[in-house]
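Take a look at the structure set out below.
Read the figures in this text as sums done on the coordinates, not as results from a lab. Nothing here was measured: the structure is a model prediction, and the numbers come from that model.
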Amino acid sequence: MGEVHVHGVVPRSDPTAHARRVDHRDVAALVSDVEAGDLTAANVLRLHWRVLEEAATTATVLPVRFGTVMTGDQGVVDDFLAPRHDALAAELERFAGKVQLTVKGSFDEEALMRGVVAASPDVARLRERVRALPGDAAYYDRIRLGELVAAEVERARERAGERVIGRLEPLSLAASRETPAGIEAAVHCAFLVERERVDGFRDAVSKLEGELGGHVRLRCIGPLPPFNFTGEGTAAGSPAWA
Amino acid sequence: MATAQATPRGYIERPRPSGLADVIDIILEKGMVIDVYVRVSLIGIEILTIDARIVIASVDTYLRFAEAVNRMDIANQDGSAGLPELMEGITESGSKSKTKGALAGAKETLGLGDDDDDDKKQRTRTRTRSRSRREDGDG
């Protein structure tokens, strides 16, 4: 038996097969065989995501960190499912009927930049200087300008994040504020939501987007496995919402 | 205004999870960690490459911001039409954090985006050194 990718853990009673399963007592690991052609991160990442995405639509699934490869089915049982059985079973119990929804927002770049220039005299001044000089001559000024703009954008992110958390956290069991990544990124928050309340949550996101006046576009991503709420180690104790 | 294009794969029309590009940061950073002594990770090297990109991304990000703010032709327009609500109270000490352009970088690194990212922003898709090296090695 060859090496296997380990994607996640589901209850053994989950009837749907999203990937090959390795069963142990009342839990099962979702695995797939390591193929020779797999060895680029992008391929494996797609596979990992597909398995977890499908599983999360119906099952409670604990995601395993991307890139985890073990020495075969027996290894998955001996080194993972058996020694951590009780903790895994408890986690599955705790997340039963709950999914993660991630809300990401991005700025309208033009509106954002206009706002930054209007709000910061330093940016406006430096911008004029940079525009007056040929490209290479202003290299360090450009970096400085970008740095000032980045700081202003960061503050806009703060505010957008507060709005999103303030509005949506009450509709969730738990919320986690993450660092938005990317130039236009405004907001990144994760919410743990009862499966049957997902639609209502989506509606609230949609409504909130309207309230933000078109400056921030919001996307509600999921249902996802509880990536942001599955502890680094299951020994970390019960979270407050459990 | 520009709300028509707000949801290319909108949550309303399609209740399915979004593409990989939307979740790549989550997938790379989150999930249960199995004891390092019993797992065999094949992919660690490329993950490190992504980390390296993240560091490099910050100067790159500043330059892109500078470019973005320069591109704007504000001179003959009303400069006040910005983000009044979000920008208010910007006066002092905005230097709290350096920007993270990380995931844009990671997406490029992994060569993702073609089939998963139908966002309008077409970033440069640098196929990475690590990836092509790996493929060379395989082939």
Using only Cα atoms, tell me the angle between helix A:198-211 and the longest principal axis of chain A; keep it within 0 to 90° and round to the nearest 10. 0
Reference-scaled alpha-carbon Rg (2.2 N^0.38 Å with N residues) for chain A: 1.27
Over the alpha carbons of the stretch A:21-135, what is the largest minus smallest coordinate on each principal axis, giving the biggest first in Å? 69, 37, 23
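Test of understanding: what is the full-extension gain from A:His85 to A:Asp141, defined as 0.36 nm times their sequence separation minus their Cα-Cα distance?
Using 0.36 nm per residue and subtracting the Cα-Cα distance, I get 14.4 nm.
Please report the relative contact order for chain A, taking Cα pairs under 8 Å with a sequence separation of at least 6, and give it as a percent rounded to a whole number. Let's see the in-between values first.
Working: 357 pairs, mean separation 59.5, N = 242.
Averaging sequence separation for qualifying contacts and normalising by length gives 25 percent for chain A.
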Estimated translational D of the stretch A:177-227 in µm²/s (Stokes, Kirkwood radius over Cα pairs; 10 °C; 1.306 mPa s): 131
For chain A, find the longest principal axis of its Cα atoms and tell me its angle to the long axis of helix A:109-119, 0 to 90°, nearest 10. 50
Helix A:85-95 vs. chain A, principal-axis angle (Cα, 0 to 90°, nearest 10): 50
